[in-house]
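Right, one structure below, let's go through it.
Any read-out appearing in this document is the output of simple, stated calculations on the displayed coordinates, not a laboratory observation. What you see is a predicted model, and the numbers here were worked out from it, not measured in a lab. In this analysis, Cβ positions are derived from the backbone assuming ideal geometry, glycine residues included, and neighbour counts consider all displayed protein chains.
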Amino acid sequence: MTKLIDTPPVWLAGCLVLAWVQSRYFGFGLSLDYGVTDFVSAVLLGGGVIIFFMAVIQFRRHQTTIIPHEEATNLITQGIYKWSRNPIYLADAMILAGLILRWDAVLSLPLIPIFVWIIERRFVIPEENGLRRKFRFEFARYEKATRRWL
């Protein structure tokens, strides 16, 4: 049961719930409600969704697991993975940022770096260590050529 709860989508959902509650009940009159905010929010949300699906397509093409903490059968270095070693987590952070802006949840902005920190510690580092052990030289080349986030 703990494995089902300790997943990136659950962490994202928890942050989204906190941001929504904060925007709805604890706004304290603070606002970032400018025309550009709506645009930035839309770009973050749309970009996050697109990046997410681009990454999922690569997982399907390479027939490897998308589930965190499961052993990968293939190292994906193509498509969106040329630009980011963790595009799904990047997409999650973009979606969180986009919805925080959309909901005008100013006090929830610190949730973005907190979310990234949690995801990096709980998922990214252990996954990369597993890939490093399994794919050794191939992962070392990939790691040098491609940044963790962007």
Flag if Phe53 is assigned to a helix (DSSP H, G or I), surrounded by fewer than 16 Cβ atoms within 10 Å (Cβ to Cβ), among the aromatic types (Phe, Trp, Tyr) and touching a helix residue (DSSP H, G or I) at 6+ places or on another chain (Cβ under 9 Å): yes
Only one of Arg121, Arg136, Arg85 that is outside any helix (DSSP H, G or I) and basic (Lys, Arg): Arg85
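So, of the residues in the stretch 20-50 that are under 13 Å from Leu107 (Cα atoms), among the hydroxyl-bearing types (Ser, Thr, Tyr) and touching a helix residue (DSSP H, G or I) at 6+ places or on another chain (Cβ under 9 Å), which turns out to be surrounded by the fewest Cβ atoms within 10 Å (Cβ to Cβ)?
Ser31
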Every pair of residues 6+ apart whose Cβ atoms lie under 8 Å, when the first sits in the stretch 65-94 and is surrounded by fewer than 18 Cβ atoms within 10 Å (Cβ to Cβ) while the second is part of a helix (DSSP H, G or I) and of a type in the set (Val, Ile, Thr): Ile66/Val56; Ile66/Ile88; Gly79/Ile57
Qualifying positions in the stretch 1-12 - of a type outside the set (Phe, Trp, Tyr) and surrounded by 13 or more Cβ atoms within 10 Å (Cβ to Cβ): Asp6, Thr7, Pro8, Leu12
